[in-house]
Amino acid sequence: MKDIALKSLIILPIIAFVYFLIMVVIGCTCSFIGSTNNFYECTFCTIGKVILGISVLSYVTILFFDFRMFFKNRKLSN
């Protein structure tokens, strides 16, 4: 179980960093090509929600497989 907590302490900051990096790149690119303010009110938020949803789903998937392996190994050792 300590392994799962350690992995979470490493994976969560990486996911947050990549999320913010992607959003900064999208924002700078759209600002560079001259997007209107409406883009940042609607489309940018939608893109952010989709990317955040994908990152949360990937984190939950990683946790699911780790918990499954933990309980599988625990059951085999008993």
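The values are calculated or read from the model by the stated rules, or taken from the named source; none is laboratory data. All values reported here derive from a predicted model rather than from experimental measurement. FYI the Cβ positions are ideal-geometry reconstructions off the backbone, even for glycines, and counts take in every protein chain you see. Side chains included, ligands, DNA and RNA excluded: accessible areas come from the protein's heavy atoms. Shrake-Rupley method; radii C 1.70, N 1.55, O 1.52, S 1.80 Å.
Among the residues of segment 1-23, those that are open to solvent by 80 Å² or more (accessible area, probe 1.4 Å) and over 15 Å from the mean Cα position of the chain (by Cα) comprise Met1, Lys2, Asp3, Leu6. For segment 5-59, filtering for residues that are at pLDDT 90 or above and of a type in the set (D, E, K, R) leaves 1. Of the residues screened, Thr46 is one that is under 16 Å from the mean Cα position of the chain (by Cα), more than 29 Å from Arg74 (Cβ to Cβ) and polar (S, T, N, Q). Would you call Ser55 over 30 Å from Ile4 (Cα atoms) and in a helix (DSSP H, G or I)? No; evaluated as a whole, the condition is false for this residue.
Per-residue answers, yes or no, for (1) surrounded by 12 or more Cβ atoms within 10 Å (Cβ to Cβ); (2) closer than 18 Å to Lys2 by Cα; (3) of a type in the set (Val, Ile, Thr):
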| position | (1), (2), (3) |
| --- | --- |
| Glu41 | no, no, no |
| Phe44 | yes, no, no |
| Ile51 | yes, no, yes |
| Phe67 | yes, yes, no |
| Arg74 | no, yes, no |
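A Cβ distance below 8 Å, combined with a sequence gap of six or more or placement on separate chains, defines the contacts here; from segment 1-17, residues that are in contact (Cβ under 8 Å) with a residue 12 or more places away in the chain reach residues that are charged (D, E, K, R) and open to solvent by less than 100 Å² (accessible area, probe 1.4 Å) in the pairs Asp3/Asp66; Ile4/Asp66; Lys7/Asp66. On inspection, Ser35 passes the criterion of being outside any helix (DSSP H, G or I) and touching a helix residue (DSSP H, G or I) at 6+ places or on another chain (Cβ under 9 Å).
Small (Gly, Ala, Ser) and open to solvent by 70 Å² or more (accessible area, probe 1.4 Å): is that true of Ser58 in this structure?
Values: small (Gly, Ala, Ser): yes; open to solvent by 70 Å² or more (accessible area, probe 1.4 Å): no.
No: the conditions fail for Ser58.
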